[in-house]
Amino acid sequence: MKIGIFGKSGSGKTTVANFFVEKGFYRIDLDEIGRNVLKKYPSVLEDISKTFGSSFIVDGELQRRKLADHVFKSKENVDKLNGIFFKYIKAEFLTEIKKSKDIVAEGAVLVELGIEKYFDRIIYVHTKEQTAVDRLMKRDGISEISALNRLSAQAKYDSMPSDLKIETNDSELSLKRKMNKLFKELNIYNRRK
């Protein structure tokens, strides 16, 4: 079975994906692929420099936080950055998906990549805005304004189609109960060999 998980930053996608990993699913992290694209395809840095300016690259290294602060202030900039990265992320995904029959792929951009046809189920992970802001500030060490800008740029995810929706507002125990119920509904049992 192939499961795709998307949602805004700080929604709990990785936490939900890890429940599938515990059942023996092979995990594909689209955000990690995006980070590795920079190492594998040096032309990405050139494209970023041409599109957004050279100030976002210092000594051959992308200044991620600075670029994110700039990009997430406008939909146009998000679309430009996605245009640079998406073809590489999709190509890497298509290689990764061949590695197992049981896959869980997670990333904010999953639906935007146009890869939803590869999944048996698409799950949208959602949480309250303030919960996401708090998680982002803690996880990424960013300001509240930066977190809000990032979430605002991802508002479209609320209206994107999915087969299932998982709320991650409550306790870990509550989420575990929701996931166990979902596994029963999908007939997913331990798939480890």
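Observations on the structure shown:
- Inter-centroid distance (Cα atoms) of the stretch 68-109 relative to the stretch 128-147, Å: 21
- For the chain, the per residue solvent-accessible surface stands at 54 Å², with DNA, RNA and ligands left out and a 1.4 Å probe.
- Listed pairs Lys23/Lys73; Lys13/Lys39; Lys87/Lys156; Lys66/Lys101; Lys90/Lys138; Lys66/Lys184 exceeding 32 Å between Cα atoms: Lys23/Lys73; Lys66/Lys101; Lys66/Lys184
- DSSP-assigned coil residues among GluC sites (Glu not before Pro) in the stretch 115-145, each with at most 15 further Cβ atoms within 10 Å: none
- Considering only Arg35, Arg150, Arg27, the Gaussian network model of the chain with Cα springs below 10 Å gives its largest mean-square fluctuation to Arg35.
- Choice from Ala132, Ala108, Ala68 showing the highest fluctuation, given a GNM over the chain with Cα pairs closer than 10 Å: Ala68
- Residue with peak Gaussian network fluctuation, the chain [Cα springs, cutoff 10 Å], from Glu22, Glu106, Glu92: Glu22
- Angle between the chain longest axis and helix 30-40 axis [Cα atoms, degrees, rounded to 10]: 40
- Fraction in percent of alpha-carbon pairs per bin - 5 Å, the chain: 1, 7, 15, 19, 20, 16, 11, 6, 3, 1, 0
- Helix 172-185 and the longest principal axis of the C-alpha atoms of the chain enclose an angle of approximately 60°.
- Over the residues of the chain, the helix contribution to mean residue ellipticity at 222 nm works out to -15500 deg cm²/dmol, using -39500 (n - 2.57) for each DSSP H run of at least 4.
- Taking the C-alpha atoms only, the angle from helix 129-140 to the longest principal axis of the chain is near 70 degrees.
The values are calculated or read from the model by the stated rules, or taken from the named source; none is laboratory data. Since the model is a prediction, treat every value here as computed from it, not as a measurement. Every residue, glycine among them, receives a Cβ derived from its backbone with ideal geometry; neighbour counts consider all protein chains shown. With ligands, DNA and RNA removed, areas are computed over all heavy atoms of the protein, side chains included. Shrake-Rupley method; radii C 1.70, N 1.55, O 1.52, S 1.80 Å.
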